[in-house]
Amino acid sequence: MKDRAMWQRCLAHPMPRGPEGESFAAWLAETARIRQGQAGDVILEYKRFTYLAASGAVARPQAPGLIGTALALHRQTGDFARYCRDVLQVAALPPERGDRAATLAGYEAEFGQAPPRFFWASRSRLPHWSLAGLLVAGGAVASVFDGSLAPLALGGIPALVIAVYLLTKGRMAGGGGLSGAARVGGGGGGTPGGGP
């Protein structure tokens, strides 16, 4: 490890509170639509990213997916400049659009293991939208040959399900959090006072 003292400072640094006084992990979980336990793991991986960037272990680090989300949130706080100055001992982190392969290789060299894919993978929704588009296009082509709308419906219905999932992911009850009604005190089970 290039700078063990810096890594220890990164580990010891408490993350700031969110805008509503919630823990950084709760803020990250809500923003990224992940469980709070996962957010704690993301914070550790974020600290590894900042160490890689500041120590020079990676010349142009890339902050993909959830790591980039944690970086964006941390930059919104007054703590970020202090973290760079006191913990990382740099004026600022380099831009997060860097070399992905070099970042992953640097991670493995510094930490002796491959980075966890869930946290370091891109969170692009393009594959999901592409699948939905292919289902509709396939149904349309099959409808032309079949002479009916049944194949289009068979392709369109799963595409619609994918689209609804992508557009509402994490914002409905059962999506890893409370529904909007439950957050403001509603959703008490359908009875006055919220009782059984």
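Every number here is computed from the coordinates shown, using simple stated rules; none is lab data. Remember, it's a predicted structure, so these values are computed and weren't measured experimentally. In this analysis, Cβ positions are derived from the backbone assuming ideal geometry, glycine residues included, and neighbour counts consider all displayed protein chains.
Label-to-label distance for GLN113 and ALA5 is 2.7 nm, based on points extended 7 Å past Cα in the beta-carbon direction. Among MET15, MET1, sorting on how many other beta-carbon atoms sit within 10 Å of each Cβ, with the fewest leading, yields MET1, MET15.
Full extension of the chain between ARG17 and ARG35 gives 4.7 nm of extra length, using 0.36 nm per residue less the Cα-Cα distance.
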